[in-house]
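Please read the structure below before turning to the comments.
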Amino acid sequence: MKKIGVLTGGGDCPGLNATIRAVVRKGIIDYRYKMYGILEGWKGLIDGNIKELDMNSTAGILYRGGTIIGTSRTNPFGKDNKGDPERILENIKKLDLHAIVSIGGEDTQGAAFKLSEMGVNVVGIPKTIDNDLPGTDYTFGFDTAVNIATEAIDRLHTTAESHNRVMVVEVMGRHTGWIAMFAGIAGGADIILIPEKPVDMDEVYETIRKRHKRGRNFSIVVVSEGIKLPVKDNEESGFVLQSTKKDAYGHVMLGGIGSVLAKMIEERTGFETRCTVLGHTQRGGTPTAFDRVLSTRFGIAAMELIHKGESGKIVVLRGNKIISIELKEVMGHYKTVDDYWYDLTKVFSV
Ligand code: F6P
């Protein structure tokens, strides 16, 4: 009986449990594999910490947020983790794991790719609320995050209208503006600011003033946490950070740009402005039907690949089809918001 391990790495997101359920059920029912959860991402393989998953332990988790096997941002190839890749190889041998399903975003899949180059059988599944993994039309988690942010914008609209206020809504999106773009369009935002496009503050002030002139005495501004604001003479400032401490993959902790922006808007336009930071609410709770279906399909497809003896691949969504591509194709770059989306918003940002 072959043993297969599944892990979840990086930030949690809705749909992880649905994926774990699909992977485990497909492995047990169709292929008679013994299935194991590797605890807390790559850390579980470094420590040799796994637990068996069966039909019972994965029942009733389809709609639950988070991950029943835990996650971490442990980077086995990080500069402080000398010897960890070798430890992982030893543990895989000791635990007799035939293959690994790695559920994660860019960082997790980067480690998966490096391990596949060292001979580990591994297949990736793309997840992240940021939707910035290249090669796939959508990652799971994104649709849920967009729905949460859209609902929040709808709620903030009523306060904006009642109080004649500008409401700034800060959403996640470290490198790309997918959540801001989709939730902004769905929520009828008046201004959407994303990391892909340099911010022109004069344009922002002007749009808000023009709305007031024509009797729209409130505005909704949706902003990605990862934008940089021009400070003076259109010179770009740095990110706004919660902390300068970097994680194992070298990422700083973003958050707070919304408040800076709100202050600038109030000062320059004279209109009362408030900021709401949605933060981790976007990663929590039950996944949407779209994310449940996508993560289920990804889980099944990943197990089919493993059963065929494939490795170094990742399952992705193209149109309505799940296909697989090489892990190395998704390494080292992000899928950014293209001009099609940006141009579309111009009709509403006047
Ligand atoms: O990568 C997903 C994400 O939610 C980003 O949008 C955000 O910047 C980051 O994770 C936050 O990470 P943490 O949960 O470690 O604060």
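The values are calculated or read from the model by the stated rules, or taken from the named source; none is laboratory data. This structure is a prediction, so every number in the text was calculated from the model and none was measured. Cβ: placed from backbone, ideal geometry, glycine included. Neighbour counts: every protein chain shown. Heads up: the accessible areas ignore ligands, DNA and RNA and are worked out on the full protein's heavy atoms, side chains in. Shrake-Rupley method; radii C 1.70, N 1.55, O 1.52, S 1.80 Å.
Here are the numbers for the structure shown:
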{"item": "Contour minus Cα-Cα distance for Lys263 and Lys79 (0.36 nm per residue)", "result": "62.3 nm"}
{"item": "Pairwise centroid distance, computed over Cα atoms, of segment 186-214 with segment 14-49, Å", "result": "44 Å"}
{"item": "Stretchable slack from Leu95 to Glu329, in nm (0.36 nm times residue separation minus alpha-carbon distance)", "result": "81.3 nm"}
{"item": "Debye, to nearest 20: dipole size of segment 207-350, +1 on Lys, Arg Cβ, -1 on Asp, Glu Cβ", "result": "520 debye"}
{"item": "Highest to lowest packing among 28-40, 44-56, scored as the average C-beta count within 10 Å", "result": "28-40, 44-56"}
{"item": "Residue (of Thr128, Ile50, Ile323) at the positive-pole extreme of the chain, dipole from beta-carbon charges", "result": "Ile50"}
{"item": "Segment Thr244-Ala186, extension gain: residue separation times 0.36 nm, minus the distance between their alpha carbons", "result": "17.6 nm"}
{"item": "Sequence of Lys210, Lys308 from largest to smallest accessible area, 1.4 Å probe", "result": "Lys308, Lys210"}
{"item": "Segments 252-265, 287-300 sorted - mean Cβ within 10 Å per residue, highest first", "result": "287-300, 252-265"}
{"item": "Segment 142-284: antiparallel DSSP beta bridges as a percent of all, rounded to 5", "result": "20 percent"}
{"item": "Over the chain - Rg/Rh using Cα atoms and the Kirkwood inverse-distance radius", "result": "1.03"}
{"item": "Amide N of segment 158-175 lying under 19 Å from the label point, which is placed 7 angstrom from the Cα of Arg209 along Cα→Cβ", "result": "165-167"}
{"item": "Where the chain is the region considered: accessible area per residue in Å², 1.4 Å probe", "result": "44 Å²"}
{"item": "Positive-end residue of Val223, Tyr340, Val293, charge dipole of the chain with Cβ unit charges", "result": "Val293"}
{"item": "Charge dipole (debye, nearest 20) of segment 142-284; +1 at Cβ of Lys and Arg, -1 at Cβ of Asp and Glu", "result": "220 debye"}
{"item": "Heavy-atom SASA rank of His175, His280 (probe 1.4 Å, accessible area, largest first)", "result": "His280, His175"}
{"item": "Surface share of carbon and sulfur [accessible, 1.4 angstrom probe, percent] for the chain", "result": "49 percent"}
{"item": "Cβ-Cβ FRET estimate between Arg87 and Asp54, R0 fixed at 22 Å, reported to 0.05", "result": "0.20"}
{"item": "Calculated [θ] (222 nm, deg cm²/dmol) that DSSP helices of n ≥ 4 give over the chain, each run adding -39,500 (n - 2.57)", "result": "-11000 deg cm²/dmol"}
{"item": "Charged-residue dipole, Cβ positions (Lys, Arg, Asp, Glu), the chain about Cα centre, Debye nearest 20", "result": "840 debye"}
{"item": "Selected from Trp178, Leu193, Ala262, residue furthest toward positive end of dipole (segment 142-284; charges at beta carbon)", "result": "Ala262"}
{"item": "Beta bridges by DSSP in the chain, antiparallel share as percent, to the nearest 5", "result": "30 percent"}
{"item": "Euclidean distance between Cα centres, segment 148-180 to segment 313-327, Å", "result": "32 Å"}
